[in-house]
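The structure under discussion appears below in the form of structure tokens.
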Amino acid sequence: MRSIATPDFPLKLTNYLGFTEKDWIELLEECGAKRFHASQIMKWIHHRFIKDFSEMSDIGKEFRDYLVEKGTLLEPKVRAEFVSKDGTRKWLIQSFSGSLFELVYIPEQDRGTLCVSSQVGCVLDCDFCSTGKQGFSNNLTSAEIVGQIRIAIRKLSEIYPRRKRNVTNVVFMGMGEPLLNLDNILPALDLIRSDLGYGISKRKVTVSTAGIVPAIKSLAENADVSLAVSLHAPNDELRDQLMPVNKKYPLADLLEACREYAKKFSDKRPIFVEYTLLKGINDNFDNAKELCSILRDLPCKINLIPFNSFPGSAFKQPSSRRVREFQSILVEKGYSVTVRTTRGSDIQAACGQLVGRVSDRTNRQAKYGEISLVNEKYFK
């Protein structure tokens with residue numbers, strides 16, 4: 001069972017927010033209870049957002065007392081909220097470790113995208129990303145990840161009471177590298193997609209990675225979701241400089257893993273290729289042509305992201321004209337290309353700007369292969 005220890009709950013308790021249907025069935029069978037209670041319990045937790053087991057009126061008191069004794073329904077706490085002039089919202093949330101991470105909501109006319117975090121900070125230290133410069137504290141638990149969904153849905157229902165569904169898309173593009181936290185990401189993905197959880201379509205759930213190659217295969221074997229890859233350079237020499245992870249998992253290996261991922265699912269979902277445009281670094285015409293070349297046999301959609309500045313960064317955003325010219329070269333070669341509109345930059349909520357507040361930065365230079373040894377079982 002997934003457990004937590006916090007100042008509020010000093011003993012190790014099971015946090016049932018991260019329990020999947022399979023987890024509940026196993027627990028019910030251990031207690032001699034009926035399996036069908038799993039669906040009842042999950043609806044109370046994820047549809048009605050209860051905070052106390054006593055509210056589950058159709059569950060026997062004896063079993064409710066057992067749950068109270070053994071565990072909790074503990075969400076991470078919201079410490080601050082910021083609202084952009086364009087409607088984007090950012091919540092600063094305190095993890096069970098005490099450090100702060102960020103959750104972002106991007107409203108649009110026909111959808112609402114929730115950008116969730118998977119770690120407090122990030123160990124990958126990509127040059128152009130503010131999150132990596134904060135250092136790394138710890139992985140978020142599945143309960144902390146699911147807690148972000150609960151927090152957002154409840155708050156947004158008050159802000160947009162007339163909308164039938166405020167969160168239509170969930171992207172793991174917040175703080176951290178999701179594929180270095182598979183033990184907690186996988187149950188969270190299960191709950192996000194399950195009808196007993198949050199019922200979000202598999203095509204509208206996206207996990208983004210900087211390129212942890214062994215874990216891409218594991219994700220394909222354990223979850224049916226869309227994959228986004230942070231590429232940001234069309235060759236190993238440049239990517240080594242911008243993204244240290246490339247030295248361990250070079251482009252050839254990464255792109256082969258992406259091709260295999262795309263083959264795994266029958267509905268021909270494309271891989272989303274994220275490419276941050278940095279003025280004078282990776283935005284020239286040769287870079288565009290080289291990008292076309294390396295992606296030629298990969299079913300993909302390309303998202304161009306004009307760099308979003310943050311304090312202390314020497315990188316700059318290219319001109320709108322350069323962005324359009326770069327895009328045109330890709331389009332002429334037959335690629336589907338969008339330029340991501342910058343949202344929430346006035347509250348530091350845009351792509352690459354999330355920082356949180358890491359209370360323990362001692363892990364910043366840790367090797368990503370050592371972050372969470374429990375993940376090694378997925379990397380065979």
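The values are calculated or read from the model by the stated rules, or taken from the named source; none is laboratory data. Predicted model only: the values in this text are computed from it and were never measured. Neighbour counts are summed over all protein chains in view; Cβ atoms, including those assigned to glycine, are modelled from backbone coordinates with ideal geometry.
Among the residues of segment 215-222, is any surrounded by fewer than 24 Cβ atoms within 10 Å (Cβ to Cβ), hydroxyl-bearing (S, T, Y), part of a helix (DSSP H, G or I) and over 14 Å from the mean Cα position of the chain (by Cα)?
yes
List the residue pairs whose Cβ atoms are under 7 Å apart, where the first residue sits in segment 40-65 and is within 23 Å of P187 (Cβ to Cβ), the second is charged (D, E, K, R), and the two are 6 or more positions apart or on different chains.
Q40/D58; M42/E21; W44/E55; F49/R150; F49/R154; F53/R64; M56/R64
Checking L251 against (1) within 19 Å of C300 (Cβ to Cβ); (2) in contact with an Asp or Glu (Cβ under 7 Å, 6 or more places away or on another chain); (3) surrounded by 23 or more Cβ atoms within 10 Å (Cβ to Cβ), only one condition comes out false. Which one?
(3)
Tell me whether segment 295-308 contains one or more residues that are assigned to a loop (DSSP other than H, G, I, E, B), among the hydrophobic types (A, V, I, L, M, F, W, C), at pLDDT 95 or above and assigned by TED's automatic domain parsing to the domain that holds V225.
Yes, the conditions are met somewhere in segment 295-308.
Condition check ((1) in the same structural domain as P306 (by TED's automatic domain parsing); (2) more than 30 Å from S201 (Cα to Cα)) across all residues:
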{"site": "R64", "(1), (2)": "no, yes"}
{"site": "F82", "(1), (2)": "yes, no"}
{"site": "I106", "(1), (2)": "yes, no"}
{"site": "R111", "(1), (2)": "yes, no"}
{"site": "V116", "(1), (2)": "yes, no"}
{"site": "G121", "(1), (2)": "yes, no"}
{"site": "Q134", "(1), (2)": "yes, yes"}
{"site": "S137", "(1), (2)": "yes, yes"}
{"site": "A143", "(1), (2)": "yes, no"}
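Residue-by-condition table, conditions (1) farther than 18 Å from D224 by Cα; (2) in a helix (DSSP H, G or I); (3) hydrophobic (A, V, I, L, M, F, W, C):
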site	(1), (2), (3)
E102	yes, no, no
T113	yes, no, no
C129	yes, no, yes
N138	yes, no, no
I151	yes, yes, yes
L156	yes, yes, yes
R165	yes, no, no
V171	no, no, yes
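Among the candidates Q148, Q94, which residue alone is closer than 18 Å to K51 by Cα and free of Cβ contacts under 8 Å to residues at least 60 places away in the same chain?
Q94 is the lone residue from the list that is closer than 18 Å to K51 by Cα and free of Cβ contacts under 8 Å to residues at least 60 places away in the same chain.
Can you tell which of V337, V323 is assigned to a strand (DSSP E or B), at pLDDT 80 or above and crowded, with 17+ Cβ neighbours inside 10 Å? Write out each step before concluding.
Details: V323 fails: assigned to a strand (DSSP E or B).
Residue meeting the stated conditions: V337.
Just to be sure, is D253 acidic (D, E), in a loop (DSSP other than H, G, I, E, B) and assigned by TED's automatic domain parsing to the domain that holds K316?
no
I need a count of the residues in segment 115-127 that are under 17 Å from V78 (Cα atoms) and in a loop (DSSP other than H, G, I, E, B).
Residues in segment 115-127 being under 17 Å from V78 (Cα atoms) and in a loop (DSSP other than H, G, I, E, B): 3 in total.
Would you call L17 among the hydrophobic types (A, V, I, L, M, F, W, C), in a loop (DSSP other than H, G, I, E, B) and in contact with an Asp or Glu (Cβ under 9 Å, 6 or more places away or on another chain)?
Answer is no for this residue.
In segment 69-87, what count of residues is obtained for those that are over 26 Å from L17 (Cα atoms) and not in a strand (DSSP E or B)?
4
Quick test for you: out of K263, K247, K279, K268, pick the one residue that is modelled with pLDDT under 95 and at negative phi.
Every option except K263 fails the conditions.
Which condition number in (1) under 19 Å from L277 (Cβ atoms); (2) out of contact with any Lys or Arg (no Cβ under 8 Å at 6 or more places or on another chain); (3) modelled with pLDDT under 65 is the one that R364 fails?
(1)
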